[in-house]
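Trainee: Below is the structure I would like to discuss, written out as structure tokens.
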Amino acid sequence: MGRAGPAPHAKGTTMAGNDLGSLLGGLLGGGQQGGSSGAGGGGNILAALLGALMSKGGASGGNPLSGLLEGLNKAGLVDQAQSWVGTGENKEVTGEQVQQALPDDALRQAAEEAGVSPEQAANEIAQVLPQAVDKLTPEGQVPSGSLEDLIRQQQL
């Protein structure tokens, strides 16, 4: 018997990222027709990003959504982030703003997992982030609990 080859799922966040991606895609209406890459693609990149933030320890209390919002606030995107969490209209954000707000290594990791450039990943995240945060914060505040639990609660 020879040495065993590498495990099929060598990346630690791949399986969790795929699950999170499908949950986010469903939450964002990934089954809808239209759009350049559809909400599912952006949902998968956002899931990869949240997984990267969690693995880097950038999530307070195990909730990467809190860490992500904290980063946006620090980058001067307080109005946008608050509009998504709050119950009013969601303000838009650009890919460039997303790039400035996120840790480079987390964005790069998410882009690699999705097979796109960091710029493209930031642009897709900018498209889905307002709606995702809005749906994950129905009470006008970031709920506690794991991200998977939050998403599942919103899909009931």
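The values are calculated or read from the model by the stated rules, or taken from the named source; none is laboratory data. It should be emphasised that the depicted structure is a prediction, and the values quoted were computed from it without experimental measurement. Glycine gets a Cβ as well: all are built from the backbone with ideal geometry, and neighbour counts include every protein chain shown. Each accessible area value is taken on the protein alone, full model and side chains, heavy atoms only, with ligands, DNA and RNA left out. Shrake-Rupley method; radii C 1.70, N 1.55, O 1.52, S 1.80 Å.
Trainee: Pairs please, first residue from region 80-97 and in contact (Cβ under 8 Å) with a residue 40 or more places away in the chain, second anywhere and of a type in the set (D, E), Cβ atoms under 8 Å, 6+ apart in sequence or on different chains.
Mentor: Sorted first by the residue in region 80-97, then by its partner, the pairs are Q80/E92; S83/E89; W84/D134; V85/D134; N90/D134.
Trainee: Within region 1-100, considering only helices (runs of 4 or more DSSP H) that don't extend past its boundaries, which have at least 2 residues that are modelled with pLDDT under 50?
Mentor: In region 1-100, 14-27, 38-55 are the helices (runs of 4 or more DSSP H) which contain 2 or more residues that are modelled with pLDDT under 50.
Trainee: Pairs needed: first member in region 110-124, in contact (Cβ under 8 Å) with a residue 40 or more places away in the chain; second member anywhere, surrounded by 20 or more Cβ atoms within 10 Å (Cβ to Cβ) and polar (S, T, N, Q); C-beta distance under 8 Å; at least 6 residues apart or different chains.
Mentor: Partner pairs satisfying both residue conditions: A114/N44.
Trainee: Here is a further query. For region 132-155, what are the residues that are farther than 17 Å from L46 by Cβ and part of a loop (DSSP other than H, G, I, E, B)?
Mentor: Listed by number, the residues that qualify are P138, E139, G140, Q141, P143, S144, G145.
Trainee: If I ask for residues that are open to solvent by 50 Å² or more (accessible area, probe 1.4 Å), farther than 21 Å from M54 by Cβ and not polar (S, T, N, Q), which ones from region 64-87 would you list?
Mentor: G76, V78, D79
Trainee: Give just the number: which of (1) in a helix (DSSP H, G or I); (2) open to solvent by 60 Å² or more (accessible area, probe 1.4 Å) does A126 not satisfy?
Mentor: If we test A126 against (1) in a helix (DSSP H, G or I); (2) open to solvent by 60 Å² or more (accessible area, probe 1.4 Å), just (2) comes out false.
Trainee: For region 132-153, give me the residue count where each residue is in contact (Cβ under 8 Å) with a residue 12 or more places away in the chain and open to solvent by 70 Å² or more (accessible area, probe 1.4 Å).
Mentor: The initial filter retains those residues of region 132-153 that are in contact (Cβ under 8 Å) with a residue 12 or more places away in the chain, namely 132-138, 140-142, 144-148, 150-152.
Next cut, open to solvent by 70 Å² or more (accessible area, probe 1.4 Å) only: 135, 141, 144, 152.
Counting residues in region 132-153 that are in contact (Cβ under 8 Å) with a residue 12 or more places away in the chain and open to solvent by 70 Å² or more (accessible area, probe 1.4 Å) gives 4.
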